[in-house]
Amino acid sequence: MANRGKRYQQAVALISPEMEYSLEEACDLVKKTSTVSFDASVDLDIRLGVDPRHADQMVRGTVSLPNGTGKEVRVLALVNESKQDEAREAGADHVGLDDYIAKIEDGWADIDVIIATPDVMGKLGKLGRFLGPRGLMPNPKSGTVTMDVADAVKTVKAGQIDFRVDKYGILHTSIGKISFDASDLKENAEAFLQTVMRLKPASSKGLYVKSVFMSSTMGPSIPIARTAVTSL
């Protein structure tokens, strides 16, 4: 703690080391323990009892947060000309195909989500080494490969998030901003956690949810009781 600032130490003092909090308590507390002057993100980190090295234990999905993410999502629609007007009218920030593929190959990645139609995925294969590590590769499971481009763009813009467990069995996601009301953060957290619970792999043995923490950007972690998650 010696290297931490005074504000951070004051924030940590508000969290009891012996307690695990309910979702409602954590959402109230995360607002009180934010230590930065900007509108920080509120994050959830969940350690799952899965082994992602096995395909049947990979936990991945999407969820539409009822109160949005609080972030302006930059959407690129990689579609043929017949779908480009549809994408623009739905609110996509960037629309095109070969021109944007060339930009991405040159290192451009100033976007948050890419939506593509199935008929162009053959062209995107060569972008895997650029888009894969950034989590930007379109995927049918996340709803970003579809012929209904307008609906996909609107859904992403409205607050749909895509999540995937990492190689250590941990899920990291943002559920909103510190400026949100605590009740809105709670609703978003519940929507995300309910989705995670529904995605429990049949092959997962023992504890599925091992630990859950909530924090704000550069703020201390708040432990959440497992029962607050497993009871959803």
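The values are calculated or read from the model by the stated rules, or taken from the named source; none is laboratory data. In this text, all values refer to a predicted model and were calculated from it rather than measured experimentally. All Cβ positions, even for glycine, are placed from backbone atoms using ideal geometry, and neighbour counts span all protein chains on display.
Yes/no matrix, rows are residues, columns are (1) among the β-branched types (Val, Ile, Thr); (2) within 18 Å of residue 78 (Cα to Cα):
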residue	(1), (2)
111	yes, yes
137	no, yes
151	no, yes
156	yes, yes
168	no, no
172	no, no
214	no, no
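Please go through the stretch 1-28 and give me each residue that is within 9 Å of residue 222 (Cα to Cα) and within 21 Å of the chain's Cα centre (by Cα), ordered by number.
Selection gives 26 alone.
Just to be sure I understand the filter: pairs with C-beta atoms under 9 Å, separated by 6 or more residues or on different chains, first member in the stretch 164-186 and more than 25 Å from residue 143 (Cα to Cα), second member of a type in the set (Val, Ile, Thr). Which pairs pass?
Once the first residue is more than 25 Å from residue 143 (Cα to Cα) and sits in the stretch 164-186, its partners that are of a type in the set (Val, Ile, Thr) give 178/30; 178/36; 178/42; 178/217; 180/42; 182/30.
Going by what's in this entry, would residue 213 be described as out of contact with any Leu (no Cβ under 6 Å at 6 or more places or on another chain) and farther than 25 Å from residue 18 by Cβ?
no
Can you tell me which residue within the stretch 127-149, out of those that are exposed (fewer than 15 other Cβ atoms within 10 Å of the Cβ) and touching a residue at least 24 places away in the same chain (Cβ under 8 Å), is nearest to residue 84 (Cα to Cα)?
Going through the qualifying residues, I end up with 147.
I want to confirm something. Restricting to the stretch 54-88 and keeping residues that are more than 21 Å from the chain's Cα centre (by Cα) and assigned to a loop (DSSP other than H, G, I, E, B), which single residue is surrounded by the most Cβ atoms within 10 Å (Cβ to Cβ)?
Within the stretch 54-88, the match that is surrounded by the most Cβ atoms within 10 Å (Cβ to Cβ) is 79.
Do the conditions hold for residue 39, that is, is it in a loop (DSSP other than H, G, I, E, B), surrounded by fewer than 19 Cβ atoms within 10 Å (Cβ to Cβ) and touching a residue at least 12 places away in the same chain (Cβ under 8 Å)?
Judged against the criteria, residue 39 is a match.
Quick check on residue 62: is it in the same structural domain as residue 215 (by TED's automatic domain parsing), closer than 30 Å to residue 200 by Cβ and touching a helix residue (DSSP H, G or I) at 6+ places or on another chain (Cβ under 7 Å)?
yes
So for the stretch 104-111 (the condition being crowded, with 19+ Cβ neighbours inside 10 Å and over 30 Å from residue 38 (Cα atoms)), does at least one residue qualify?
Yes, the stretch 104-111 has at least one match.
Determine, yes or no, whether residue 44 is aliphatic (A, V, I, L, M), touching a His at 6+ places or on another chain (Cβ under 8 Å) and either surrounded by 16 or more Cβ atoms within 10 Å (Cβ to Cβ) or not in a loop (DSSP other than H, G, I, E, B) (or both).
It is true that residue 44 is aliphatic (A, V, I, L, M), touching a His at 6+ places or on another chain (Cβ under 8 Å) and either surrounded by 16 or more Cβ atoms within 10 Å (Cβ to Cβ) or not in a loop (DSSP other than H, G, I, E, B) (or both).
Can you find a residue that is of a type in the set (Ser, Thr, Tyr) and in the same structural domain as residue 98 (by TED's automatic domain parsing) anywhere in the stretch 198-206?
Scanning the stretch 198-206 turns up no residue that is of a type in the set (Ser, Thr, Tyr) and in the same structural domain as residue 98 (by TED's automatic domain parsing).
Considering the stretch 42-73 alone, what residues qualify as being of a type outside the set (Asp, Glu) and either more than 24 Å from residue 156 (Cβ to Cβ) or at pLDDT 95 or above (or both)?
Residues satisfying the conditions are 42, 44, 46, 47, 48, 49, 50, 52, 53, 54, 55, 57.
Residue 16 - would you say it is outside any helix (DSSP H, G or I) and either outside the structural domain of residue 220 (by TED's automatic domain parsing) or modelled with pLDDT of 90 or more (or both)?
yes
Please determine whether any residue of the stretch 208-218 is part of a loop (DSSP other than H, G, I, E, B), surrounded by 20 or more Cβ atoms within 10 Å (Cβ to Cβ) and touching a strand residue (DSSP E or B) at 6+ places or on another chain (Cβ under 6 Å).
No, the stretch 208-218 has no match at all.
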